[in-house]
Amino acid sequence: LNSERRVLIKALHEALDDPETDLEALFGVKGDHLEAAIEANRNVMGAPLMSALDRYSPGVMFKAMDFSGLPTGAQRRLLEQGVIFSGLFGLLRPDDLIPNYKLKMDANLPGIGRVLTYWKPALSKVLNARLKDKLVWNLLPGTHLDAWDDDHSYEAMVDVKFLKMQDGELKPVTHGVKPLRGALVNFIVRETLEEVEPIFRYEHPAGYRVDEAACTYDEETRTHTIIMVKR
């Protein structure tokens, strides 16, 4: 994806140099956070590098993965099999070396348009080839899913949804779902989940358990939708 990355970085630098660019809208931050985003993006081609896993480790999902606490074999599985979506780089392995940057997948970049739309053709081709005939655990948020034209060439997909009781109803968890997903990643790589069944015995550390009656399977897309509930 290097050629697509270079085009995106060039457009990003042009936007930074254009006084008419609304940088607050582009990066979704203000004040000191905006200044930090501008500086990081200006220096992206010559900045120090670190692994994507370490770069994103301040995020709550990556903290909940607890990579350093995983056994060596589980760490290796995460590094070899994990796929990360990135606004600036498209797709990353957890051990890919990247600089600091600020660009969300749903940003609207002058000269490019929506970043997820820009990435969709090239990203989808690479990802579909990577996932062919494999069991895929899909923990992507909706915006990142919109960047992927899924051709369903995998063996099967597992899509895990977290629900909790709220006002007498079971409702999807929105706020706070990232650490729930991170803890699930820890379980997946720790237990070497190459089939779906072990998830039904899983007790999430936050108190969620699978509601088997609510789970579904779509034969056309070979997708298991797993519902985890906290009552």
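Just give me the residues in the stretch 66-112 being of a type in the set (Ser, Thr, Tyr) and in contact (Cβ under 8 Å) with a residue 40 or more places away in the chain, in sequence order. Can you show your working first?
Of all residues in the stretch 66-112, those of a type in the set (Ser, Thr, Tyr) come to 68, 72, 86, 101.
Answer for the stretch 66-112, where residues must be of a type in the set (Ser, Thr, Tyr) and in contact (Cβ under 8 Å) with a residue 40 or more places away in the chain: just Tyr101.
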Could you figure out which of (1) open to solvent by 50 Å² or more (accessible area, probe 1.4 Å); (2) more than 16 Å from Leu8 (Cβ to Cβ) isn't true of Pro94?
(1)
So how many residues does the stretch 154-171 have that are surrounded by 19 or more Cβ atoms within 10 Å (Cβ to Cβ) and part of a loop (DSSP other than H, G, I, E, B)?
1
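Which one is least open to solvent (accessible area, probe 1.4 Å) among residues in the stretch 172-212 that are of a type in the set (A, V, I, L, M) and over 14 Å from Val160 (Cα atoms)?
Filtering the stretch 172-212 down to residues of a type in the set (A, V, I, L, M) leaves 173, 177, 180, 183-185, 188-189, 193, 196, 199, 206, 210.
Then drop every residue that is not over 14 Å from Val160 (Cα atoms), which leaves 189, 206.
Numbers: Val189: 15, Ala206: 36 Å².
By that ranking, first place goes to Val189.
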Where in the stretch 1-80 are there helices (runs of 4 or more DSSP H), lying wholly inside it, with at least 3 residues that are open to solvent by 70 Å² or more (accessible area, probe 1.4 Å) and either within 30 Å of Ala206 (Cβ to Cβ) or out of contact with any Gly (no Cβ under 6 Å at 6 or more places or on another chain) (or both)?
2-17, 31-42
For residues that are open to solvent by less than 50 Å² (accessible area, probe 1.4 Å) and part of a strand (DSSP E or B), scanning just the stretch 110-151, find the one that is farthest from Thr223 (Cα to Cα).
Gly113
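The values are calculated or read from the model by the stated rules, or taken from the named source; none is laboratory data. None of these values were measured; they are calculated from a predicted model. As a convention, Cβ positions derive from the backbone with ideal geometry for all residues, glycine included, and neighbour counts pool all protein chains shown. Heavy atoms of the whole protein, side chains included, go into the accessibility calculation; ligands, DNA and RNA do not. Shrake-Rupley method; radii C 1.70, N 1.55, O 1.52, S 1.80 Å.
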